[in-house]
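The values are calculated or read from the model by the stated rules, or taken from the named source; none is laboratory data. Because the structure is a prediction, the values reported are computed rather than measured. A quick note on method: Cβ atoms are made from the backbone with ideal geometry, for glycine too, and the neighbour counts reach across all protein chains shown.
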Amino acid sequence: MSIVIPPPPDFTSHEEEVPEFNSGTSSRSWYHYVLIVASLLFAAVSVGFIGTILWNAWPEITHHSGTLLTKNGWQSPLGPFGGLAMIVGTLETSLVALIIAVIIGLGTSISIVFILPRRFRNIAATLVELLAAVPSVVYGLWGFLVLAPWMLNTVIPWLNSWPFAKDIWGNPGQQDGQSLLLASIVLGVMILPTFVAISREVISVVPNDLIEASLSLGATRWQMIREVILPTAKIGLFGATFLALARATGETVAVALVAGGVANVQSHLLYPGTSIASWIATEFGEAQGNEIAALMALGILLMLLNFGLSLISRWLVGRQRKVLAVV
Amino acid sequence: MSEIIELQEPVETGHQMRDEIRQISDRVRARRQIRSRIMVVLCGTAFLISAVPLVLLLFQLFDRGLPVVLHTSFYTQLPSTPTLISPNATGGVSNAIIGTLVLTLYASIMAIPVGVLVGVYLAESDSKLAASLRVISQTMAGAPSILMGLFAFSFVVRDLGIGFSALAGSFALAVLMLPVIIISSEIAVRGVPHTLREAGLALGAKPHKVSMKIVLPAAVTGIVTGIILAMSRAIGETAPVLLVIGGGYINSWKPLDPVAALPLSIYENAKSEWPSLRTEVWGIALVLVVFVFVLSLSARMWASRKQQAR
Amino acid sequence: MDQEFMAQVEAVVETPNEAPVRGTAAMQLKGVAVSFHGRTAVRDCTFDVTKNRVTSLIGPSGSGKTTLLRALNRLHDLTPGAKVAGQILLEGTDIYRGDITVTELRTRVGMVFQRPNPFPTMSIYENAVSGLRFNGIKKKSILDEAAEASLKSAALWDSVQGRLKVAASNLSGGEQQRLCIARALAMDPEVLLMDEPTSALDPIATLKIEELMTELKKRVTVIIVTHNMQQAARISDDCAFLLMGEDRAGELIEFETTEKIFNNPIDPRTLDYTLGRFG
């Protein structure tokens with residue numbers, strides 16, 4: 001609707017009408033109306049999305065937000081509903097997952113763009129996309145039925161064999177090997193494709209010019225990557241990081257299956273814990289009244305966290321585009 | 001006549017630093033090359049590491065799930081609960097298969113028309129509404145899927161009084177699919193060369209006819225790809241439907257009935273005490289993964305083939 | 001005229017691709033050909049680039065000038081399927097098969113590109129010394145001295161000396177290109193390759209860089225690709241004229257001093273080009 005060119009004055013359309021001069025966005029065809037209606041419908045759905053949850057959560061937010069944010073311990077069915085363990089669990093698992101995903105993901109992106117021969121690039125990219133397509137419940141299943149036993153039977157005994165194990169690790173291996181650490185690992189695998197997809201995009205659009213210039217000065221391949229590509233793409237890489245972090249915060253069923261579902265702030269990651277999303281998923285089925293409101297309030301908290309991170313990521317990727325436009 | 005070229009006496013200036021520079025750089029060169037090789041190998045290793053989970057997962061899926069999916073009863077029977085007498089009587093997952101199909105169908109009906117239209121609007125309009133909707137849809141695309149379940153619970157199950165039903169689940173999935181379809185439709189329409197639109201307008205056609213008859217058909221590939229990917233995502237999601245579909249144990253197509261879903265069956269039975277059920281979920285997971293892979297890969301292949309045909 | 005002398009003249013005239021020997025050769029090309037996946041892009045290039053002179057590669061687009069230039073610092077190593085045949089000697093060493101690594105070669109043969117491409121995240125100073133840094137030189141005194149020397153050689157020192165830490169993107173197009181020249185010169189290379197360095201610049205900036213050439217050639221040997229033959233006539237001492245043949249591969253038609261190419265070329269096609277009959 002923004003590109004409108006008036007037809008020449010003496011031309012008549014095959015509908016035998018005098019052509020109109022349409023200007024700007026004030027076109028009056030039914031097509032335009034249909035689009036607007038659909039858009040308003042979507043807007044309504046989005047507002048409803050935020051609004052309904054907020055509405056349901058309101059009583060808890062206004063009266064008990066302090067408890068929700070700071071208290072440890074969730075007493076169904078009447079309260080108090082302390083969300084501290086969920087918040088801490090979400091932050092811990094997401095951050096550890098992020099570290100895993102960024103370290104391996106950055107190496108993967110660099111490999112795909114600069115190291116792998118061109119023929120393999122497509123296969124490699126497809127591989128990473130397939131990783132992204134796997135449903136989260138399948139990751140959770142794999143984590144619970146394969147990784148958890150492995151942790152329980154192999155890793156934890158090994159950790160317990162260390163000198164002073166009791167002092168360092170305490171008593172890991174509860175809940176069949178489910179733990180925040182396991183959840184972090186599974187999450188890391190799940191957000192890896194997100195990070196790789198964006199970082200790949202960001203480092204591959206660094207102009208060829210710069211690559212050739214650096215190599216023409218005698219730089220080695222790694223120097224080219226480290227001194228030219230990465231600094232130029234730095235903002236976009238941060239954008240990829242924030243988006244991957246956002247995704248990690250929102251993961252529900254995979255975490256629910258492997259984190260252990262214990263609503264208590266733990267001393268370290270080898271113990272079972274929970275996250276906001278997985279707690280909502282597990283508790284909602286049996287919840288009534290006030291507890292529903294409390295869970296909805298947790299939902300609002302999750303929404304704020306996730307949306308905030310998403311928006312920061314968007315802003316960063318937008319800034320990155322501007323950097324490259326100047327080059 | 002051949003000339004004898006006069007030699008221009010070269011006036012060489014400013015090379016005092018050359019020797020020093022070359023000396024240092026020669027000394028360091030080998031070390032730099034080694035470091036570059038090491039880092040390259042490390043990056044390649046990272047790539048291999050990222051492939052490991054997928055390989056391991058696929059192996060487990062086929063190893064544990066293949067025996068399960070090779071029985072027709074898996075697809076045709078309703079689930080049953082194992083007992084001490086018959087610990088392997090898990091039945092099948094026909095209700096979940098039907099349920100997933102039902103949910104995806106209804107969700108698509110709700111999400112595709114609206115999603116495509118909004119995507120087209122975003123591509124063609126500069127208004128503030130369009131700009132805000134773009135931000136909203138991108139943010140919603142990354143939103144935690146459990147929130148869609150909460151939304152569907154409040155709105156469909158409670159406020160509309162419909163209760164736990166396929167409709168509620170479809171609604172949640174539709175909200176999930178909408179942003180994906182919007183974003184990919186916008187990209188598809190924007191990807192149509194604007195010369196095409198201008199040519200149509202220059203021939204005197206009205207703008208909306210140009211959009212409908214020239215631009216949209218050209219964008220169909222991208223739009224369909226987006227729809228397929230959205231559907232593929234909806235099929236695999238557990239959290240949106242977890243809270244609202246009610247876990248029906250019969251095969252039903254009615255929107256108001258409770259219904260089952262494949263990912264939900266996995267979630268519910270993963271921690272079952274019965275080994276037979278725990279094995280069965282691998283079969284369900286295998287079916288789910290194969291289906292989702294086929295959808296993703298065909299969407300990708302179709303999109304690239306159409307790209308080449310251009 | 002003396003018979004013997006005439007024979008000598010004819011010998012020279014009939015071998016247009018072998019230039020009469022003049023000063024020392026900075027680089028020598030012998031039968032150089034570049035192909036991509038088997039398809040020849042340029043072939044039969046044999047000439048010597050004399051030290052401290054500006055040699056230009058001229059010809060219409062598609063004649064392989066840039067392809068040939070990029071073979072001289074082994075940039076084609078980056079292109080899969082690219083093959084460089086023949087011999088390219090840098091002060092006697094075969095740059096492809098001889099005892100010289102690619103990284104060392106590129107410190108001795110620098111390159112300036114068509115569009116100014118300073119590193120966007122680096123300041124003016126950092127851009128100027130980036131080559132030195134890449135090659136492992138960290139001592140501030142050397143870097144400072146090299147920065148000043150190279151920026152002076154690029155006629156940029158006066159205008160930037162007070163704002164060396166400023167981001168390079170703040171400079172105008174012409175200044176950015178001179179920064180790129182400084183960057184390439186900081187390593188004190190023997191040869192400077194320039195790929196249409198002024199085609200993206202306005203006339204004033206172009207003039208400034210052309211004026212630079214006479215000073216530049218005292219320090220380095222310059223090989224420049226240009227599609228602007230007036231520019232070639234203005235700044236170069238020797239010219240290599242390339243033309244695309246029927247098989248779409250470029251070939252060297254003639255290599256002579258600029259004066260001869262433009263006033264009295266041997267090959268009629270050269271005359272056609274310089275008179276603007278095609279291009």
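Just a few scattered comments:
- Residue in the stretch B:117-125 that is out of contact with any Lys or Arg (no Cβ under 8 Å at 6 or more places or on another chain), in a helix (DSSP H, G or I) and within 25 Å of A:I312 (Cβ to Cβ) present: yes
A quick yes/no check of all residues on (1) basic (K, R); (2) under 20 Å from the mean Cα position of the chain (by Cα):
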site	(1), (2)
B:T83	no, no
B:I109	no, yes
B:G119	no, yes
B:R134	yes, yes
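- Residues that are in a loop (DSSP other than H, G, I, E, B) and β-branched (V, I, T) were ranked within the stretch C:125-145; the one that is surrounded by the most Cβ atoms within 10 Å (Cβ to Cβ) is C:V129.
- Considering (1) surrounded by 19 or more Cβ atoms within 10 Å (Cβ to Cβ); (2) more than 25 Å from B:S25 (Cα to Cα); (3) of a type in the set (K, R), the lone condition that C:R115 does not fulfil carries the number (1).
- Residue in the stretch A:182-198 that is out of contact with any helix residue (DSSP H, G or I) (no Cβ under 6 Å at 6 or more places or on another chain) and modelled with pLDDT of 90 or more present: yes
- Of the criteria (1) touching a Ser or Thr at 6+ places or on another chain (Cβ under 7 Å); (2) crowded, with 16+ Cβ neighbours inside 10 Å, which one C:Q87 fails: (1)
- Within the stretch A:222-268, the residues that satisfy the criterion of being hydroxyl-bearing (S, T, Y) and either surrounded by fewer than 21 Cβ atoms within 10 Å (Cβ to Cβ) or over 26 Å from B:A270 (Cβ atoms) (or both) are A:T232, A:T241, A:S267.
- Residue within the stretch C:193-210 that is over 26 Å from C:N52 (Cβ atoms), assigned to a helix (DSSP H, G or I) and not β-branched (V, I, T) present: yes
- Scope the stretch B:222-271; condition small (G, A, S) and either away from chain A (no Cβ under 11 Å) or assigned to a helix (DSSP H, G or I) (or both); matching residues: B:G222, B:G226, B:A230, B:S232, B:A234, B:G236, B:A239, B:G248, B:S252, B:A260, B:S265
- Residue match in the stretch C:227-249 (condition: under 18 Å from C:F47 (Cα atoms), of a type in the set (V, I, T), in a helix (DSSP H, G or I) and modelled with pLDDT of 85 or more): no
- Of all residues in the stretch A:46-65, those satisfying the criterion of being aliphatic (A, V, I, L, M) and in contact with a Gly (Cβ under 8 Å, 6 or more places away or on another chain) are A:I53, A:A57.
- Picking from residues in the stretch A:78-108 that are surrounded by fewer than 23 Cβ atoms within 10 Å (Cβ to Cβ) and touching a strand residue (DSSP E or B) at 6+ places or on another chain (Cβ under 7 Å), the one that is nearest to the other protein chains (Cβ to nearest Cβ) is A:A85.
- Selection status of A:G170, on the phi > 0 side of the Ramachandran plot, touching a residue at least 40 places away in the same chain (Cβ under 8 Å) and away from chain B (no Cβ under 12 Å): yes
- Where B:F164 falls short, out of the listed (1) over 17 Å from B:I223 (Cβ atoms); (2) surrounded by fewer than 23 Cβ atoms within 10 Å (Cβ to Cβ); (3) facing another protein chain (nearest Cβ under 7 Å): (3)
- Among all residues of the stretch C:243-262, there is at least one that is within 14 Å of chain B (Cβ to nearest Cβ) and surrounded by fewer than 15 Cβ atoms within 10 Å (Cβ to Cβ).
- Residue, nearest to C:I223 (Cα to Cα), within the stretch C:254-279, restricted to residues that are in contact with a helix residue (DSSP H, G or I) (Cβ under 8 Å, 6 or more places away or on another chain) and among the aliphatic types (A, V, I, L, M): C:I261
- Residues in the stretch B:111-134 that are farther than 22 Å from B:R197 by Cα and either acidic (D, E) or in contact with a Phe, Trp or Tyr (Cβ under 7 Å, 6 or more places away or on another chain) (or both): B:V114, B:L133.
- In the set (1) of a type outside the set (S, T, Y); (2) farther than 27 Å from B:A260 by Cα; (3) modelled with pLDDT under 90, B:G91 fails one condition alone, (2).
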